[in-house]
């Protein structure tokens, strides 16, 4: 890519029109140039449009991992929540398992829900099987967190870890907090029947929690 084209593409990535930014991200992925890695990562941190961000992630996956991964790992320490979230999302798409250690407990418990959700998804993809039990226990400590979408993301992450999720759910099932117990029961239902509807599982779990332990036999 020559300097003139490179400058034009960089300008387009920051254009006011989202369609132009989307086209620029598509062009960056269609003709991968490692020299653009820094600009693409920087744009991920501030891009307001979901579809453009998704295209930026795709463009980054088209570049050599040795170029993109160090930049993305550095973004995990950013003070900007979107930078952390997008970096985690992109790392999960690249799938380089050497980055697992960069997904810290602080990221898994990030106060920003979108960052935490991205960390949960990335952790499930990148963690080696031997670390799954500890990861499941760590995730289960957040049962009851957030709104319906946040809880569904956490449940899906636990279900994706498989059998190790079941023992991790036990403290939540015995929690004095009814919201935690309901979320734990709903996740347990999904673990046993991944095709079941989350909302129905939550409603049933809340019914059981409200009526007490004898309701489970009803």
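Brief remarks on what is shown
- Screening 138, 110, 131 for residues that are within 25 Å of residue 184 (Cβ to Cβ) and surrounded by 17 or more Cβ atoms within 10 Å (Cβ to Cβ) leaves exactly one candidate, 110.
- Residues of region 157-179 include at least one that is closer than 15 Å to residue 88 by Cβ, in contact with a helix residue (DSSP H, G or I) (Cβ under 9 Å, 6 or more places away or on another chain) and surrounded by 16 or more Cβ atoms within 10 Å (Cβ to Cβ).
- Count - residues of region 51-91 that are over 22 Å from residue 108 (Cβ atoms) and within 14 Å of the chain's Cα centre (by Cα): 1
- Meets criteria (closer than 19 Å to residue 67 by Cβ and touching a helix residue (DSSP H, G or I) at 6+ places or on another chain (Cβ under 6 Å)) for residue 108: no
- Summed over region 27-75, the residues that are surrounded by 21 or more Cβ atoms within 10 Å (Cβ to Cβ) and in a loop (DSSP other than H, G, I, E, B) give a count of 2.
- If you check 194, 176, 167, 171 for being over 22 Å from residue 132 (Cβ atoms) and either outside any helix (DSSP H, G or I) or at pLDDT 95 or above (or both), only one passes: 176.
- Subset of region 1-14 (residues that are surrounded by 12 or more Cβ atoms within 10 Å (Cβ to Cβ) and over 22 Å from residue 81 (Cα atoms)): 1, 5, 6, 8, 9, 10, 12
The values are calculated or read from the model by the stated rules, or taken from the named source; none is laboratory data. This structure is a prediction, so every number in the text was calculated from the model and none was measured. With ideal geometry, Cβ positions are generated from the backbone for all residues, glycine too; neighbour counts draw on all protein chains shown.
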